[in-house]
Amino acid sequence: MPFSATTVLDSLLFRDAFGTDAMRRVFSDKSLIARYAEVEVALAKAEARCGVIPMEAARAIAERTEVASIDLEALRHETDIIGYPILPLVHQMARQCGEAGRYVHWGATTQDIMDTAVVLQMRAGLAIIEGDIAALRDGLADLARRHRDTPMAGRTHLQQALPVTFGYKAAIWLSMFDRHAERLAQLKPRVLVGQFAGAAGTLASLGDKGFEVQAALCEELGLGVPVATWHVARDGFAEAVNFLALVTGSLGKIALDIMIMASTEFAELREPFVKGRGASSTMPQKRNPISSELMLAASKAVRQHAGLMLDAMVQDFERATGPWHAEWMAIPESFVLTAGALNQAKFALLGLVVDTQRMAQNLAISRGLIVAEAVMMGLAPALGRQDAHDVVYDSCRRANEQGLSLADALSADPRIAARIDRVEIERLSQPENYLGLAPQMVDRVLAGRQ
């Protein structure tokens with residue numbers, strides 16, 4: 001294969017890092033042209049059913065249309081001149097269909113065919129995304145279940161805050177994708193809707209048959225019937241790409257967590273081992289979190305496309321000028337990038353290496369200071385919250401200055417020793433005894449999937 005690609009999506013070197021073959025096939029030129037032809041054939045069938053064109057013509061169009069025989073170079077050349085591919089395609093289809101060719105594209109406009117073809121691509125693309133999300137949810141559920149009670153340091157502002165469990169963290173990741181699955185199910189009826197309305201969207205060319213043909217076309221293609229023309233009402237397409245931005249945004253959040261937790265100083269997580277993956281050209285010891293890096297990069301790129309789709313919603317009158325064309329860039333790239341990011345996530349998360357021993361070591365690094373709140377709340381009933389805060393604060397300061405454990409510092413303070421004995425101080429100072437409802441939250445997230 002010649003090295004002719006100019007983007008990572010089609011690059012011989014990078015295409016499988018940022019996309020998947022399955023999603024590239026859905027949004028390839030070959031697939032798009034086939035979808036255009038599929039819509040034109042379905043339109044002919046629908047119009048024949050409604051008595052608009054002869055049934056014999058519709059049969060001929062369906063039988064004689066051969067996408068494999070389309071002269072792609074001629075199609076490219078005419079598209080370059082006209083600015084759109086439908087008229088050049090109709091010319092070739094009409095020649096293929098002989099006398100019936102005069103009924104190809106009857107009453108339609110270019111955008112009808114192009115929009116509906118993109119909807120068909122999006123339906124196939126969303127099916128892939130749906131399957132990937134389902135697999136990822138299963139993997140995250142397993143991770144949350146296995147580590148329901150695995151204690152680790154919870155961190156806020158990159159500082160140790162309070163103990164949590166790794167299962168709790170995984171359950172939070174899972175809950176995002178449970179919501180994404182719900183969002184996907186909800187957006188399909190709004191997005192997977194056909195487009196057929198004619199030149200200015202009024203179906204004027206079909207007289208009183210317009211709505212009937214529109215419904216028949218959508219039935220042929222298995223798509224929803226639009227309530228009104230959406231030539232310039234692009235909220236459906238914008239919603240789809242912004243949904244992909246939400247999915248990749250969640251992947252970016254997970255990726256950032258993994259990358260930090262995989263750093264040498266943390267060493268709590270590692271991506272699955274594959275010989276040579278993540279290696280450095282100069283540092284043999286390196287094991288870089290490659291999948292997480294790619295997930296994070298994809299999230300940033302899809303976010304940009306989501307903004308572009310929102311911008312493209314601002315369209316002029318009954319047919320847009322440039323904004324429509326912006327979708328041609330944003331939609332395919334967003335789907336391919338999202339599929340690639342999900343593929344990287346499945347690799348990273350379904351085989352994630354969790355070092356529970358290192359999590360325990362990191363949790364103990366503060367010598368119990370991470371649960372100072374537990375001691376404070378234990379003293380609060382006797383001292384009042386503010387006084388309890390002050391005496392525990394003094395003990396924490398002394399522990400830091402003198403290198404003591406929190407339990408030793410607390411026991412040395414007579415204000416505390418007079419209230420609770422050493423056994424209770426030890427109990428309150430154990431991080432694994434102050435997990436709150438983290439394990440129960442894991443249970444709630446898992447129960448919500450049943």
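The values are calculated or read from the model by the stated rules, or taken from the named source; none is laboratory data. Since the model is a prediction, treat every value here as computed from it, not as a measurement. Heads up, the Cβs are rebuilt from the backbone with ideal geometry, glycines too, and the neighbour counts pull from every protein chain shown.
When Thr165 is tested against (1) modelled with pLDDT under 95; (2) in contact with a helix residue (DSSP H, G or I) (Cβ under 8 Å, 6 or more places away or on another chain); (3) of a type in the set (Ser, Thr, Tyr), exactly one condition is not met: (1).
Please pick out the residue among Thr156, Thr109 that is hydroxyl-bearing (Ser, Thr, Tyr), surrounded by 19 or more Cβ atoms within 10 Å (Cβ to Cβ) and on the phi < 0 side of the Ramachandran plot.
Working: Thr156 fails: surrounded by 19 or more Cβ atoms within 10 Å (Cβ to Cβ).
Checking each option against the conditions leaves just Thr109.
Of the residues Ala94, Ala117, Ala124, the single one that is crowded, with 22+ Cβ neighbours inside 10 Å and closer than 17 Å to Val39 by Cα is Ala117. Considering segment 418-448, and only residues there that are more than 28 Å from Arg148 (Cβ to Cβ) and touching a helix residue (DSSP H, G or I) at 6+ places or on another chain (Cβ under 6 Å), the residue that is modelled with the highest pLDDT turns out to be Arg422.
The rows are residues; the columns are (1) small (Gly, Ala, Ser); (2) buried (at least 16 other Cβ atoms within 10 Å of the Cβ); (3) in contact (Cβ under 8 Å) with a residue 24 or more places away in the chain.
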{"position": "Arg24", "(1), (2), (3)": "no, yes, yes"}
{"position": "Ala42", "(1), (2), (3)": "yes, yes, yes"}
{"position": "Ala68", "(1), (2), (3)": "yes, no, no"}
{"position": "Leu75", "(1), (2), (3)": "no, yes, yes"}
{"position": "Asp80", "(1), (2), (3)": "no, no, no"}
{"position": "Ile86", "(1), (2), (3)": "no, yes, yes"}
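For segment 71-103, which residues satisfy the criterion of being of a type in the set (S, T, N, Q) and closer than 19 Å to Ala60 by Cα? Of everything in segment 71-103, those that are of a type in the set (S, T, N, Q) and closer than 19 Å to Ala60 by Cα turn out to be Gln92, Gln96.
With respect to Phe211, is the statement that it is aromatic (Phe, Trp, Tyr), surrounded by 18 or more Cβ atoms within 10 Å (Cβ to Cβ) and touching a Leu at 6+ places or on another chain (Cβ under 9 Å) true? No, not satisfied.
As a summary of the residue check, Ala204 satisfies the conditions (1) surrounded by fewer than 21 Cβ atoms within 10 Å (Cβ to Cβ); (2) under 30 Å from Lys45 (Cα atoms); (3) in contact with a helix residue (DSSP H, G or I) (Cβ under 6 Å, 6 or more places away or on another chain) except for the one numbered (3).
Consider Gln195 carefully, then state whether it is surrounded by 21 or more Cβ atoms within 10 Å (Cβ to Cβ), under 24 Å from Ile331 (Cβ atoms) and not assigned by TED's automatic domain parsing to the domain that holds Leu310. Quick ask: steps written out before the conclusion?
Values: surrounded by 21 or more Cβ atoms within 10 Å (Cβ to Cβ): yes; under 24 Å from Ile331 (Cβ atoms): yes; not assigned by TED's automatic domain parsing to the domain that holds Leu310: no.
Spelling it out, it is not the case that Gln195 is surrounded by 21 or more Cβ atoms within 10 Å (Cβ to Cβ), under 24 Å from Ile331 (Cβ atoms) and not assigned by TED's automatic domain parsing to the domain that holds Leu310.
Would you confirm whether or not segment 241-249 contains a residue that is modelled with pLDDT under 95 and over 26 Å from Asn362 (Cα atoms)?
So in segment 241-249, the residues modelled with pLDDT under 95 come out as none.
The answer is no; no qualifying residue exists.
Only helices (runs of 4 or more DSSP H) whose full extent lies in segment 62-176 are considered here, and the ones with at least 3 residues that are under 30 Å from the mean Cα position of the chain (by Cα) are 110-146.
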